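A short worksheet on the structure shown next.
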Amino acid sequence: MPPKAKVTKDMIITAGVKIVRSEGAECLNVRRTAAALECSTQPVMYHFQTVNDLKTAVYEAADKLHTEYILTPDPDAADPFMSIGLRYINFAAEEKHLFRFLFQSDSFKNISFSDLMNAEGLSPLIAPLCRSADMTVEQAREVFELMFVCVHGAASLIANNTISYDKAHFAAMLSKAFNGAVAALKGEER
């Protein structure tokens, strides 16, 4: 009889992401993950001492998926920054469970909006904004804050089945919001 395949930490995380993606974060637990891997709970508990450890690892993997998704350039997009916003909204439409797990859970508990907006991980999002609107980093961060609220609000509505996704509509809305934010910011500097 051949030896059983070893269940690795990466296999467990991948199974956890699949569970959240298809069933929602409330279904992510040790038993469900072990069942998805067709193994006992022992390998899962060997790699993750608690279900919170498992959820943290799955969250980090889902966050990486989300980041890669939104930063993948849209070949049809004229403006890279607007592409990122539309891809953020589209992610919510395509990956409702993952979006809710990432952005509508307690993961941002006790983090201020200012800390969130000044996170080092936002640099890849700020750079295209600086180029597209000929702004300084400080100006770009200010516009980004306004755009983030608009984009995240739309994505949240879509992820919670409140509204449907219409790419053309959201592209026009984001363009108006972006142009208005840039014009308001540059008007203040006169």
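Per-structure values
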item: Value in Å of the Kirkwood radius, where the chain supplies the Cα pairs that are averaged; result: 18.4
item: Links that overshoot a 18 Å alpha carbon limit, given the list Lys64/Lys167; Lys96/Lys176; Lys64/Lys176; Lys18/Lys55; result: Lys64/Lys167; Lys96/Lys176; Lys64/Lys176
item: Between 0 and 90°, nearest 10: helix 80-94 axis offset from the chain longest Cα axis; result: 40
item: MRE, 222 nm, helices only [DSSP H, n ≥ 4, -39500 (n - 2.57), over the chain, to nearest 500]; result: -22500 deg cm²/dmol
item: Alpha-carbon centroids, segment 138-179 and segment 10-27: separation in whole Å; result: 27
item: Zero-based 10 Å bins, Cα pair distances in segment 22-127, whole percents; result: 13, 37, 31, 16, 4, 0
item: Semi-axes of the equivalent ellipsoid for segment 6-45, Cα gyration tensor, largest first, Å; result: 16, 10, 7
item: FRET E, pair Lys18, Asn179, Förster distance 41 Å, beta-carbon r, rounded to 0.05; result: 0.55
item: Asn52 paired with Val137, simple spin-label distance in nm, labels 7 Å along Cα-to-beta-carbon; result: 3.5
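Every number here is computed from the coordinates shown, using simple stated rules; none is lab data. Quick caveat, the model's predicted, so the values are computed rather than measured. Glycine also receives a Cβ, built like all others from the backbone with ideal geometry; neighbour counts cover every protein chain displayed.
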